[in-house]
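Asker: My questions all concern the structure below.
The values are calculated or read from the model by the stated rules, or taken from the named source; none is laboratory data. Here the structure is a predicted model, which is why all the values come from computation and not from measurement. Reconstructed Cβ throughout: ideal geometry from the backbone, glycine too, with neighbour counts over all protein chains shown. Quick note on the areas: whole protein, heavy atoms, side chains included, nothing else; ligands and nucleic acids left out. Shrake-Rupley method; radii C 1.70, N 1.55, O 1.52, S 1.80 Å.
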Amino acid sequence: MKGKTTKSWMLYDFGNSAFATTIMAAVLPVFYYDVAAIGLEENLAESFWGYSQSIAVLIVAILAPVLGAISDYSAAKRKFLRFFAYMGMIASILLAFVGEGEYIFASVLLIIGNIGFSGANVFYDAFLPDIAKDEDEMDKLSAGGFAFGYIGGGILLAINIVMITNYSLFGIPDATTASQLSFASVGIWWFIFSIPLFKNVQEEKQARPRRDKSYVAIGFSRVVTTFKEIRQFKHLLIFLIAFWMYNDGISTIIRMATIYGRGIGIDSNSLIIALLITQFVGIPFTFIFGWIATKITAKRALFITLYTYVGIVILGYFMASALHFYLLAICVGMVQGGAQSLSRSIYGRMVPANKQAEFFGFYGISSKFAAIFGPFLFGFVGQLTGSSRLGIVSLLIFFIAGIILLRFVNIEKGVEQAKQYAK
């Protein structure tokens, strides 16, 4: 691996992960509730935030197969990466101009920022095979980017927390202004750490397959074709449906936890600090669950994470103080990375060797479509009942359905079927 190229590639993850931490998970949900949605009836802020998240995920899901086709058939990965990254950066900076009652403006910028963040990641990931020349290098480089993302997102979030909680030390008039500046800092941070990638990572010149259809037609025909092929693998298909269910619950907790906590009266500083705790607890526990899987099997280890999430949702209903939120944040950090890494590992074992790229592409795209329903259900139940607590309880549906389906998955038979197909 070329040192400068690989470091430049990983630094992009260091930069763009600030969007996931500061804007998607920690600071913007609190700001949305306290400032942008001020004056709305009780529980509507949480509901509108949930609807905004669902719209963003839906648009990203529709775009994903099209962008994948563009990545494969064009010689312009870096150009498209730059376009979507700048979209996300600009949306982040513009969030600094959202004022009181401007929840529609905030929602629009959140959606645009999500499109930029996710769209850029399609082309960022597509550079991985160009940089790493074999599977061992690819695994190391992928893990390195993941670690850099945790660190970069965590560092800027920590800086922003200090700025928001001690705004007077920085000459900032109030916490609202400090929050607005933190949004702008995400765009600037993301831009600075993107420069090495745009400068040092070159797209390999190679023959591109001929294209006789539009990118839209190619993208969605691939999705349909891959799903038809996956249906041949019974246990892989059951696992995939189970994953759609429980992963929707997981992603909804990530997106909705902070605004839910604010809605039940927990102070904003405690909420943001709790998200930082989740960020750093997640790093070691991802590896710990990898070790646990070697001792009791990956499926049993995955069950532990999912039952923990059931407990988190139930306890979340009764949550009443900052201490409760801290404890639940630690619990989420303990299982979040483990659930996601174990899921990918189990899925990968049941994928035929000659179908890995195709099936993993479907894994990513289909999970985006599935993730639409959780935030929508949370928002709808909260708006219908007037209780965000019932909104959080509604997420039990996703975890219970996932756990039940997972019980019908025989990983050993799935692995054997994949081997037979690949022969």
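Asker: About the Cα centre of region 222-347, how large is the charge dipole given +1 on each Lys and Arg Cβ and -1 on each Asp and Glu Cβ? Please answer in debye to the nearest 20.
Answerer: It comes to approximately 520 debye.
Asker: Among K77/K413; K213/K355; K79/K419; K77/K419, which pairs are too far apart, with a Cα-Cα distance over 28 Å?
Answerer: On the way: K77/K413 38 Å; K213/K355 23 Å; K79/K419 39 Å; K77/K419 33 Å.
Flagged as over cut-off: K77/K413; K79/K419; K77/K419.
Asker: For the pair S321 and V224, what calculated FRET efficiency results from E = 1/(1 + (r/R0)^6), where r is the Cβ-Cβ distance and R0 = 60 Å, to the nearest 0.05?
Answerer: Efficiency, rounded to the nearest 0.05: 0.75.
Asker: Please work out, to two decimal places, the log10 of the ratio I(q)/I(0) at q = 0.11, 0.13, 0.14 Å⁻¹ from a Debye calculation in which every Cα of the chain carries one identical scatterer.
Answerer: -0.84, -1.20, -1.40
Asker: For I272, I104, I192, I288, write out the residues from largest to smallest accessible area, computed with a 1.4 angstrom probe and no ligands counted.
Answerer: I104, I192, I288, I272
Asker: Right, something else. Over the chain, with the other protein chains present, what is the accessible area per residue in square angstrom, probe 1.4 angstrom?
Answerer: I get 44 Å² per residue for this part.
Asker: When only the heavy atoms of the protein chains count and the probe is 1.4 Å, how do Y317, Y260, Y307, Y150 rank by accessible area, highest first?
Answerer: Values: Y317 80, Y260 5, Y307 110, Y150 30 Å².
Largest accessible area first, the list is Y307, Y317, Y150, Y260.
Asker: For region 1-145, what are Rg and Dmax over the alpha carbons, in angstrom?
Answerer: For region 1-145, the Cα-based Rg and Dmax read 17.4, 56 Å.
Asker: At a Förster distance of 30 Å, what's the computed FRET efficiency of N166 paired with L40, Cβ-Cβ distance as r, to 0.05?
Answerer: Working: r = 29 Å, r/R0 = 0.98.
Rounded to the nearest 0.05, the efficiency is 0.55.
Asker: Work out the length of the dipole vector of the chain about its Cα centre, built from +1 on the beta-carbon of each Lys and Arg and -1 on the beta-carbon of each Asp and Glu, and round it to the nearest 20 debye.
Answerer: Numbers: 33 positive and 25 negative charges, 338 e Å.
The dipole magnitude comes to about 1620 debye.
Asker: For region 197-323, taking Cα atoms only, what is the radius of gyration to one decimal and the Dmax to the nearest whole Å?
Answerer: Every Cα atom of region 197-323 included, Rg and Dmax give 21.2, 60 Å.
Asker: Which value, in Å² and to the nearest 10, is the accessible area of T225 when all protein chains are kept and the probe is 1.4 Å?
Answerer: That residue has around 70 Å² of solvent-accessible surface.
Asker: If amide H atoms are built 1.01 Å from N in the plane of the peptide, which residues on other chains or at least 5 residues away come under 5 Å of the amide H of G101?
Answerer: Excluding prolines and chain starts, which carry no amide H, the hits are A36, A37, I38.
Asker: Enter the mean projected area of the convex hull around the alpha-carbon atoms of region 208-279, in nm², rounded to one decimal. Can you show the working numbers first?
Answerer: Values: hull surface 35.2 nm².
Directional mean of the projected Cα hull area for region 208-279 stands at 8.8 nm².
Asker: Over the chain, what percent of the accessible surface lies on carbon and sulfur atoms, probe 1.4 Å?
Answerer: Details: 12110 of 18400 Å².
Carbon plus sulfur share of accessible area: 66 percent.
Asker: Return one quarter of the surface area of the convex hull spanned by the alpha-carbon atoms of region 1-75, equal to its mean projected area, in nm².
Answerer: 7.2 nm²
Asker: For region 274-423, divide the Cα radius of gyration by the Kirkwood radius and give the resulting Rg/Rh value with two decimals.
Answerer: My calculation of the ratio gives 1.02.
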